[in-house]
Amino acid sequence: MRELIDKISEVKNLKELEELRVSVLGKKGELAKGFANMKNLAPEQRKDVAKELNEVKQSFTAKLEERKETLQKEALEREMLSEKIDISLLSTSSEAGGYHPVVETMNRIIEYFQKLNFSVEEGRMVEDDFHNFEALNLPKHHPARDMQDTFYFKDGSLLRTHTSPVQIRTMQRDKPPIRMIAPGTVFRRDFDLTHTPMFHQVEGLVVEEAGKVSFANLKFILEDFLKHMFGEVDVRFRPSFFPFTEPSAEVDISCVFCEGDGCRVCSHTGWLEVLGCGMVDPNVFDAVGYKDVSGYAFGLGVERFAMLIHQVPDLRSMFEGDLRLLEQFRA
Ligand code: PHE
């Protein structure tokens, strides 16, 4: 019987151990047989045998438990070792991404104006008629309000068609002087080679005490800005019209594709239009209750800037997320 106990240390795994347990302690096991045999023994022998059988049973069970614990521990260790991940191993290099050209261009624009101490304002994308049109001196019958150009909601609110309403919100919130830009998303019902229903603008607004800013200041800062963005280009101001500025101008740079010689992109004029600007119309100041101030404002399309900087021919490709295009803009 004692050798049963020795067998325990020979067992190599939990399965074998269980088999051994059943063969010893089971209903038809060695011990059960031992007890059953007792009836064949002389009564005076029985006591000693029973004692021995019980002792064997006890130490067998104890040893069994001990062995079971050791085997379980070993099994767990084996499992953990086999599942171990070597985190010290160098991974194969993953490729770094880059900014989308629109974001990159937007960031460059913001950076330029932040250095000149312009604050960055956000406004809101869902606007009301007052901020998007009325306060900007866009009269009720102005074609820009047409359903053709503007996305309206049932309640009369709308998706802002330009970043100019941020001018109004900032002036309503703050007292002059103001020196702000408003980068943001705008929406128009338009879709062709050069228009998408969603695009991005950066607005600029400077307001000072009356007489402290002039068109000369506007011209100086925009010329410097455009050279910062496009390199050595010629800049020209053309008289134009916006309801919220007077006088107004559109700003052209010499064509970055043909350097002014004339090509398909600049319609053989040698010039590319990149900005709208002007001195803030007094009616706009009236709408926000500003008195005795003067100021200038400008607005530009970020996609157009990005396209001209990177020579991308189709505006729509800016929004297709095609990796063959985007991968060319990795930092
Ligand atoms: N809001 C004008 C547009 O969307 C741009 C602009 C802004 C023009 C400020 C002049 C002054 O076309």
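Taking (1) on the phi > 0 side of the Ramachandran plot; (2) open to solvent by less than 40 Å² (accessible area, probe 1.4 Å) in turn, Glu303 satisfies each apart from (1). For region 154-178, the tally of residues that are of a type in the set (A, V, I, L, M, F, W, C) and away from the ligand (no atom under 16 Å from the Cβ) stands at 0.
Residue check: Glu79 meets all listed conditions (1) within 26 Å of Leu20 (Cβ to Cβ); (2) part of a loop (DSSP other than H, G, I, E, B) but one, namely (2). Just one of the listed residues (Phe225, Phe257) is assigned to a helix (DSSP H, G or I) and closer than 29 Å to His310 by Cβ, namely Phe225. Residue count for region 172-205 under the criterion of being hydrophobic (A, V, I, L, M, F, W, C), more than 14 Å from Val302 (Cβ to Cβ) and out of contact with any Leu (no Cβ under 8 Å at 6 or more places or on another chain): the result is 2. Candidates Leu17, Leu25, Leu53: the one that is open to solvent by less than 80 Å² (accessible area, probe 1.4 Å) and without any contact (Cβ under 8 Å) to a residue 40 or more places away in the chain is Leu25. Kindly establish whether Lys140 is within 23 Å of Asp281 (Cα to Cα) and more than 14 Å from the ligand (Cβ to nearest atom). Criteria met by Lys140.
Counting only residues that are assigned to a strand (DSSP E or B) and of a type in the set (A, V, I, L, M, F, W, C), how many does region 264-305 have?
Keep residues of region 264-305 that are assigned to a strand (DSSP E or B), which gives 271-280, 293-301.
Imposing the further condition that a residue be of a type in the set (A, V, I, L, M, F, W, C) reduces the set to 271-272, 274-275, 277, 279-280, 293, 297-298, 300.
Summing the residues that are assigned to a strand (DSSP E or B) and of a type in the set (A, V, I, L, M, F, W, C) in region 264-305 gives 11.
For every residue, the table says whether it meets (1) charged (D, E, K, R); (2) in the same structural domain as Leu272 (by TED's automatic domain parsing); (3) crowded, with 21+ Cβ neighbours inside 10 Å.
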| residue | (1), (2), (3) |
| --- | --- |
| Asp146 | yes, yes, no |
| Asp155 | yes, yes, no |
| Leu159 | no, yes, no |
| His162 | no, yes, yes |
| Gln172 | no, yes, no |
| Lys175 | yes, yes, no |
| Ile181 | no, yes, yes |
| Phe191 | no, yes, no |
| Thr194 | no, yes, no |
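The values are calculated or read from the model by the stated rules, or taken from the named source; none is laboratory data. Model, not experiment: these values are computed from the prediction. Counting neighbours? That spans all protein chains shown, and the Cβs are built from the backbone with ideal geometry, glycine included. Only protein heavy atoms, including side chains, enter the accessible area calculation; ligands, DNA and RNA are left aside. Shrake-Rupley method; radii C 1.70, N 1.55, O 1.52, S 1.80 Å.
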